[in-house]
Amino acid sequence: HHEVIPDDKSMMKNTIENALKRRSCVIVTGGLGPTCDDLTREVVTEIFHRKLVCDQSLLSLINERFHHPSTAENQATIPEGAYLLTNHYGTASGLVLRDEALYPGAMLVCLPGVPIEMSHMCVDYLIPLLKTVPNSRKMFVYPIHCALLKEAEVDPLLRDFSKAGVSLGIYPAQGT
């Protein structure tokens, strides 16, 4: 399920809480920066009934890497007990939160919304983390391109995959 919501605390809190009740892993992107519309840390702190704390080691790292940005303390303020995902391309660390009493079997992963930061964190942290989620249905998409064949010619070749439990789709296109 994919949902886009505005920077509104109430909507964010409601959406994330409902998702945590339905899924074993909820991924939120964006809202971890230093500006007034970046509400994710504050919202997830409320959801997990925690307080915001300044992580001194993260503060030192940000100051060391970015030479004392004015937003360093803001960026080093995280929900108490959150597991940090290091951002090698910016100041907004990713966060992983769990609470078995509140959301049994569920985990919340928060990643920065800046595309280059998010994509690197997906490769470095999110994909390995998702492999540890028990009883989750994993889906891999791998395109196979065939040329000069009709659907009726490709279908028999793919039926053996279907028998093995692989879900397939044939998407014909002309000249692409």
- Query: Hey, any hits in segment 93-104 for a residue that's out of contact with any Phe, Trp or Tyr (no Cβ under 9 Å at 6 or more places or on another chain) and closer than 23 Å to SER60 by Cα?
  - Reply: yes
- Note on the structure: Across segment 119-132, the tally of residues that are part of a helix (DSSP H, G or I) and either open to solvent by less than 50 Å² (accessible area, probe 1.4 Å) or polar (S, T, N, Q) (or both) stands at 5
- Which of the residues belonging to segment 13-40 are over 13 Å from LEU108 (Cα atoms) and hydrophobic (A, V, I, L, M, F, W, C)? LEU32, CYS36, LEU39
- Which condition does LEU108 not pass, out of (1) part of a loop (DSSP other than H, G, I, E, B); (2) at pLDDT 90 or above; (3) within 27 Å of ASP37 (Cα to Cα), if it passes all the others? (1)
- Could you say whether any residue in segment 21-33 is farther than 20 Å from HIS2 by Cα, open to solvent by 20 Å² or more (accessible area, probe 1.4 Å) and at pLDDT below 95? no
- Message: Condition check: open to solvent by 20 Å² or more (accessible area, probe 1.4 Å) and touching a Lys or Arg at 6+ places or on another chain (Cβ under 7 Å). Does GLY81 satisfy that?
- Response: yes
- Could you check segment 1-92 for strands (runs of 3 or more DSSP E) lying wholly inside it with 3 or more residues that are within 25 Å of VAL123 (Cα to Cα)? 25-29, 77-79, 83-85
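The values are calculated or read from the model by the stated rules, or taken from the named source; none is laboratory data. These numbers were taken from a predicted model, which means no experiment stands behind them. So basically every Cβ, Gly included, is an ideal-geometry build from the backbone, and we count neighbours across all protein chains shown. Only protein heavy atoms, including side chains, enter the accessible area calculation; ligands, DNA and RNA are left aside. Shrake-Rupley method; radii C 1.70, N 1.55, O 1.52, S 1.80 Å.
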